[in-house]
1. List the number of the failed condition for V64; all other conditions in (1) of a type in the set (A, V, I, L, M, F, W, C); (2) more than 17 Å from L169 (Cα to Cα); (3) touching a helix residue (DSSP H, G or I) at 6+ places or on another chain (Cβ under 6 Å); (4) modelled with pLDDT of 90 or more hold.
2. Looking at A57 and the list (1) in contact with an Asp or Glu (Cβ under 6 Å, 6 or more places away or on another chain); (2) open to solvent by 10 Å² or more (accessible area, probe 1.4 Å), which single condition is not satisfied?
3. Using beta carbons and a limit of 6 Å, which pairs, at least six apart or on different chains, have the first residue in segment 155-179 and within 13 Å of L87 (Cα to Cα) and the second one aromatic (F, W, Y) and open to solvent by less than 10 Å² (accessible area, probe 1.4 Å)?
4. Is there any pair linking a residue in segment 68-82 that is more than 12 Å from L151 (Cβ to Cβ) to one that is open to solvent by 50 Å² or more (accessible area, probe 1.4 Å) and of a type in the set (D, E), with Cβ under 7 Å and at least six apart or on different chains, and which?
5. Within segment 185-194, work out how many residues are surrounded by 15 or more Cβ atoms within 10 Å (Cβ to Cβ) and touching a residue at least 24 places away in the same chain (Cβ under 8 Å).
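The values are calculated or read from the model by the stated rules, or taken from the named source; none is laboratory data. Every value quoted in this text rests on a predicted model; they were computed, and no experiment measured them. Here Cβ is always computed from backbone atoms with ideal geometry, including for glycine, and neighbour counts include all displayed protein chains. The accessibility values were calculated without ligands, DNA or RNA, using every heavy atom of the protein model including side chains. Shrake-Rupley method; radii C 1.70, N 1.55, O 1.52, S 1.80 Å.
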Amino acid sequence: ISGGIRTLDVSDNNIQDLPRNIGMCAYLEALLVRDNRLCEFPQSAKQLKTLTHLDAAGNAFDAVPEMLTYTPLIKNLDLSRNQIRSLYRRIDDVTTAGFSDALSSSKRSKAKENAGDFEGRRLRQVIEQKVMDRVAAKLRSENRSKQVGALFQLYNLEKLSLASNHVKLLPGTVARFTRLKELNMAQNELQDLP
């Protein structure tokens, strides 16, 4: 793909993956990948800093693509007819991974100290697991209200379509889109409005 291209339209194909070097299109303003089989963008898509129009409707995305965090100029975004369930970041892996690592090293050092005390070690393991579960649950609930996905970094949005997905909650942070003229949330599973 040429670095000077401004519009790339590969809609209505059977594409599962975009080229890894898509980010080399430094002047790309419109990326039209409607009705393919995409479920993610390559890492290099984060380099598409001049992108103003993204049409990724009718694909297999199950979350708002994180690459949008790096493309703040987007004005028109269509993610309709995908499998998106939530506009929040997936934080389960992030919150529990750090605790698992910390507890593993803590358990190793304690096991060396108390090699002969089996009952004491077992009790500590149970307590540590319960503490880890409670802290991770608390972080998940706090982060759910504080950290939303990449979508909410797009302050230039004028038109946003998330129609025909499985979104149940529209965060109140949608009010930050002061330039938004059209919001399409039709055919979702919304239970309430902010």
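1. Here V64 meets the rest and fails (2).
2. Going through the list (1) in contact with an Asp or Glu (Cβ under 6 Å, 6 or more places away or on another chain); (2) open to solvent by 10 Å² or more (accessible area, probe 1.4 Å), A57 breaks only (2).
3. Note: pairs meeting the criteria are T173/F152.
4. Taking only residues 6 or more apart or on different chains, the pairs are K75/E158; N76/E158.
5. Qualifying residue count, segment 185-194: 1.
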